[in-house]
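Accompanying notes for the structure given below.
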Amino acid sequence: MERHLGNIETAWVLAGRFAPLTVAGVLRLGGAPPLERVRASLDALQQHHRLLQARITRRRGRYSFEVTADVPPIPLDVVERRDADHWREVATAVLNQRLDLETGPLLRCVYLHDDAGTDGDIVFAYDHSVLDATSAAHVYEQFLTWCQGPPPAAPSVAPPLPPPIDDLLPARLRGRARIAPKTAFLRRQVADELAFRRATRGRSDAVRPEARCHLVTRSLDSTATDELVRRARRHRLTTNSVIGAAMLVAAHRHLRGDAGRLPMRAITFADLRSDLEPPPAPDVLGCYISMMRFTVPVGPDDDLWTAAAAYQAQVRAAWEHDEHLLSATVAKQLVRMSTTIKRMRIGSTAHSYAGGLGLAERYGEIELIDVHGFISNNRVGPLVTAFVKINRGALSWDFVFLDTDFDEATAERIADTVCDGLVEAAA
């Protein structure tokens, strides 16, 4: 079984050839399951999802998912858990290593287990082409459910490989109908780029030859999270816009100093599932997202709500022109251009906001203490990146920084500035 990769799936592969691009998903568990149940649950996941039986091949210049009998079982490494922070070291290693896409499978697992204790950590490493935040949460749900006891038998009829975004675009963006809106979109992008370069006089953050990812985590408590969401609604702002603005304001403060009001580049990742035809269900694995870039003026005296309103105005304008969908059709070309030129960073900040993950706090004897998600960055990527979500009612950030941009102390200060700004705004 084989199908060609779509545009944004190919973009992930091209970016991964330039520098490691891996997603590290972390499940922190109390009442950690025995090893044999973890192994059985991973086997069941692979049996139920075709993309977890696939590898990525290249023939005649095109990449494809290929399901073959020689794709091995999902690798499981069992490591003795030293302490409660051991997972950070493992997740960092995942971000800085490539998966073997040509052999497959596109998911592997590390189990940090202490035979003398009850807690444990599961670190998943996967290629972004097979899972987005929605389908990753579904995989975690299945995995934890099946770790409680015997998992279900393999389906009698093998499921097909899920289609790419390109095959699910609304009719108004298919075939010849897409030419006019796509042309207009590209013109707006070129105009924005020229205006940005004029305003910044062509200056760009440094692109250094080597860079390694390191991670930082932060969270608000549930009370502060509830108040922040309420305040955002009063200002008629989405939580996503407030998060994006908080990162921009913090980046301006730490990166631009006293430079005054400047245009800042922000990247956000949009979940496209509800806008596709037909909409892929949450249990359909795949990467149904797009990368969108906005230019937002930010000054040293801007408060969070002012910046969030400017940010949201950009997002709404983009949605009105279907730019969230059109972005997915040009992702490959943008990645190829940025990794070939290698002269400028694609943005100052980037975030993906998943909202509530919908995971339970307990799965039988297993307690899900916390969930994290980190995505590799590279030397032409943004300076401040984060995966943001709500778990157990608390808003939390999984930041990834590059060691060539900031030392650990500076990265910690930037993360503090983001969260402190939100707490102050919610007070």
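The values are calculated or read from the model by the stated rules, or taken from the named source; none is laboratory data. As the structure is a computational prediction, the values presented were derived from the model and not from experiment. Reconstructed Cβ throughout: ideal geometry from the backbone, glycine too, with neighbour counts over all protein chains shown.
Numbers for the structure displayed
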item	result
Residue match in the stretch 52-67 (condition: closer than 30 Å to Gly364 by Cβ and within 25 Å of the chain's Cα centre (by Cα))	yes
Set Thr92, Thr118: member being closer than 19 Å to Arg212 by Cα, in contact with a strand residue (DSSP E or B) (Cβ under 7 Å, 6 or more places away or on another chain), surrounded by fewer than 19 Cβ atoms within 10 Å (Cβ to Cβ) and of a type in the set (Ser, Thr, Tyr)	Thr92
Residue list for the stretch 73-87, restricted to those being assigned to a loop (DSSP other than H, G, I, E, B), over 21 Å from Leu101 (Cα atoms) and within 25 Å of the chain's Cα centre (by Cα)	Ala84, Asp85
Among (1) surrounded by 14 or more Cβ atoms within 10 Å (Cβ to Cβ); (2) within 18 Å of Ala411 (Cα to Cα) - the single one Val242 does not satisfy	(2)
Qualifying residue in the stretch 214-227 (condition: under 27 Å from the mean Cα position of the chain (by Cα), without any contact (Cβ under 8 Å) to a residue 60 or more places away in the chain and in the same structural domain as Asp416 (by TED's automatic domain parsing))	yes
Listing of strands (runs of 3 or more DSSP E) fully contained in the stretch 1-72 that carry 1 or more residues being among the hydroxyl-bearing types (Ser, Thr, Tyr) and in contact with a His (Cβ under 6 Å, 6 or more places away or on another chain)	62-67
Looking only at the stretch 164-191, and only at residues there that are free of Cβ contacts under 8 Å to residues at least 24 places away in the same chain, more than 26 Å from Val130 (Cα to Cα) and of a type in the set (D, E, K, R), the one that is surrounded by the fewest Cβ atoms within 10 Å (Cβ to Cβ)	Arg176
Check on Gly381, surrounded by fewer than 16 Cβ atoms within 10 Å (Cβ to Cβ) and within 21 Å of the chain's Cα centre (by Cα)	no
Given (1) surrounded by fewer than 21 Cβ atoms within 10 Å (Cβ to Cβ); (2) touching a residue at least 40 places away in the same chain (Cβ under 8 Å); (3) in a helix (DSSP H, G or I), index of the condition Val139 fails	(1)
Within the stretch 192-209, tally of residues that are closer than 20 Å to Ala331 by Cβ and exposed (fewer than 14 other Cβ atoms within 10 Å of the Cβ)	1
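This table checks each residue for (1) closer than 24 Å to Ala354 by Cβ; (2) assigned by TED's automatic domain parsing to the domain that holds Leu52.
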site	(1), (2)
Arg108	yes, yes
His113	no, yes
Asp119	no, yes
Ala136	yes, yes
Pro151	no, yes
Pro164	yes, no
Gly175	no, no
